[in-house]
Amino acid sequence: MIVLSPSLLAADLLFLGEELDSVVSAGLGDVHIDVMDGNFVPNISYGVNMAHAVRRHGQLKFDCHLMVAEPEKHVADFARSGPELITVHYEATHHLHRLVYAIKELGVQAGVSLNPATPVDVLKCIIHDLDAVLLMTVNPGFSGQKFIPSVLTKISAVRELALTHGRDIAVQIDGGITLETAKLCLAEGATHLVAGVSFFQSPDRRAFAASVLEAGKNRG
Ligand code: DX5
Ligand code: ZN
């Protein structure tokens with residue numbers, strides 16, 4: 001069973017409650033919260049208040065994707081909002097091992113994200129401590145960008161690296177996911193897909209979600 005998480009970056013925040021209701025109506029149970037600081041990435045989105053708002057809605061699990069400089073300063077705040085998973089960027093910290101353990105000690109699952117140009121090899125010495133790896137298939141910062149196909153080979157590389165360490169971890173793919181690119185990622189072993197524009201701008205969100213989940217069931 002794969003997971004499809006709509007990214008709230010593409011939602012209409014004037015109607016946040018309705019947007020979250022539509023995720024539930026589409027048969028999904030998770031949303032993805034993109035936190036951007038205008039420093040690590042060239043855009044500012046929102047902070048921990050968004051995570052608390054989703055928590056108060058009460059019907060969806062959520063993960064927090066921290067695209068911020070010095071993420072170690074913020075993980076405790078985000079952990080208090082009750083996410084399933086906090087994901088930090090390999091490129092954003094000097095002390096990844098310390099940060100991953102800080103997240104786990106807060107009682108939250110820990111994920112590490114790699115930008116498109118960062119090779120999978122950098123995870124060799126930390127993979128056994130991770131609950132998830134998030135591979136960016138766009139350069140982080142904005143929704144609605146074009147999928148970068150050269151990242152596809154990194155998906156199977158992460159799966160293999162994890163299995164070498166006896167770990168069956170989540171492999172999330174984030175950026176430019178459509179039904180077509182979802183299928184490419186699923187064929188490489190993705191377990192979790194994030195979708196911003198393709199979900200929230202779909203004329204039929206439920207049908208879009210069903211088609212992606214069906215593609216997950218049917219992969220070879
Ligand atoms: C990009 C974010 C993504 C983004 C995905 O920096 O991490 O989660 O919102 O949006 P789409 O699916 O529209 O590319
Ligand atoms: Zn994201």
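The values are calculated or read from the model by the stated rules, or taken from the named source; none is laboratory data. Note that the coordinates shown come from a computational prediction; the quantities given were computed from them, not determined experimentally. Cβ: placed from backbone, ideal geometry, glycine included. Neighbour counts: every protein chain shown. To get the accessible areas, we keep the full protein, side chains included, count just its heavy atoms, and leave off ligands, DNA and RNA. Shrake-Rupley method; radii C 1.70, N 1.55, O 1.52, S 1.80 Å.
Quick one: how many residues across region 133-169 are open to solvent by less than 40 Å² (accessible area, probe 1.4 Å), farther than 23 Å from ALA10 by Cα and of a type outside the set (D, E, K, R)?
Kept after step one, since they are open to solvent by less than 40 Å² (accessible area, probe 1.4 Å), are these residues of region 133-169: 133-138, 140-141, 147, 151-152, 154-158, 161-162, 169.
Add one more test, that the residue is farther than 23 Å from ALA10 by Cα, and what stays is 152, 154-158, 161-162, 169.
Adding the requirement that they be of a type outside the set (D, E, K, R) leaves 152, 155-158, 161-162, 169.
So the count comes out to 8.
From the residues in region 82-111 that are within 16 Å of ligand 2 (Cβ to nearest atom) and small (Gly, Ala, Ser), which one is most open to solvent (accessible area, probe 1.4 Å)?
We begin by selecting, within region 82-111, every residue within 16 Å of ligand 2 (Cβ to nearest atom); these are 83-92, 109-111.
This time we only want the ones that are small (Gly, Ala, Ser), so: 92, 110-111.
Details: ALA92: 18, ALA110: 0, GLY111: 1 Å².
For region 82-111, the residue satisfying everything is ALA92.
Conditions (1) of a type in the set (Gly, Ala, Ser); (2) closer than 18 Å to HIS65 by Cβ, marked per residue:
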| site | (1), (2) |
| --- | --- |
| HIS94 | no, no |
| GLY111 | yes, yes |
| ASN139 | no, yes |
| LEU152 | no, no |
| GLY176 | yes, yes |
| LEU179 | no, no |
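Out of all the residues in region 13-52, which are farther than 24 Å from ILE173 by Cβ and among the acidic types (Asp, Glu)?
GLU18, ASP21
State which residue pairs qualify: first residue more than 16 Å from SER7 (Cβ to Cβ) and free of Cβ contacts under 8 Å to residues at least 12 places away in the same chain and inside region 133-159, second residue more than 14 Å from ligand 2 (Cβ to nearest atom) and open to solvent by 30 Å² or more (accessible area, probe 1.4 Å) in any location, beta carbons under 6 Å apart, and separation of 6 or more residues or different chains.
none
What helices (runs of 4 or more DSSP H) completely inside region 108-220 contain at least 2 residues that are more than 22 Å from ALA51 (Cβ to Cβ) and hydrophobic (A, V, I, L, M, F, W, C)? Spell out the reasoning first.
Numbers: elements: 152-164, 179-188, 197-200, 205-218.
Counting at least 2 such residues, we get 152-164, 179-188, 205-218.
I'm trying to understand the selection: among the residues of region 199-214, which are open to solvent by less than 30 Å² (accessible area, probe 1.4 Å) and under 19 Å from ASP63 (Cβ atoms)? Can you show your working first?
At the first step, the residues of region 199-214 found to be open to solvent by less than 30 Å² (accessible area, probe 1.4 Å) are 199-200, 202, 208-209, 212.
Hits for region 199-214 are PHE199, PHE200, ALA209, VAL212.
Taking into account only those residues within region 38-68 that are in a strand (DSSP E or B) and open to solvent by 50 Å² or more (accessible area, probe 1.4 Å), which is farthest from ligand 1 (Cβ to nearest atom)? Break it down into steps so the answer makes sense when it comes.
Taking region 38-68 and keeping what is in a strand (DSSP E or B), we get 44, 61-67.
Keeping just the survivors that are open to solvent by 50 Å² or more (accessible area, probe 1.4 Å) gives 44, 61.
Numbers: ILE44: 12, LYS61: 16 Å.
Selected residue: LYS61.
Return the residues of region 66-104 that are touching a Pro at 6+ places or on another chain (Cβ under 8 Å) and within 15 Å of VAL41 (Cα to Cα); say none if nothing qualifies. Write out each step before concluding.
Going through region 66-104, the residues touching a Pro at 6+ places or on another chain (Cβ under 8 Å) turn out to be 67, 88-89, 92-93, 99.
Correct list: MET67, VAL88, HIS89, ALA92, THR93.
Criterion first (within 16 Å of ligand 1 (Cβ to nearest atom) and in contact with a Cys (Cβ under 6 Å, 6 or more places away or on another chain)) does ILE148 satisfy it? Don't jump to the end; show me each part of the working.
On the way: within 16 Å of ligand 1 (Cβ to nearest atom): yes; in contact with a Cys (Cβ under 6 Å, 6 or more places away or on another chain): no.
The answer is no for ILE148.
Anything in region 131-149 that is basic (Lys, Arg) and near ligand 2 (Cβ under 10 Å from one of its atoms)? List them, or say none.
The first filter runs over region 131-149 and keeps only residues basic (Lys, Arg), leaving 146.
The answer is none; no residue qualifies.
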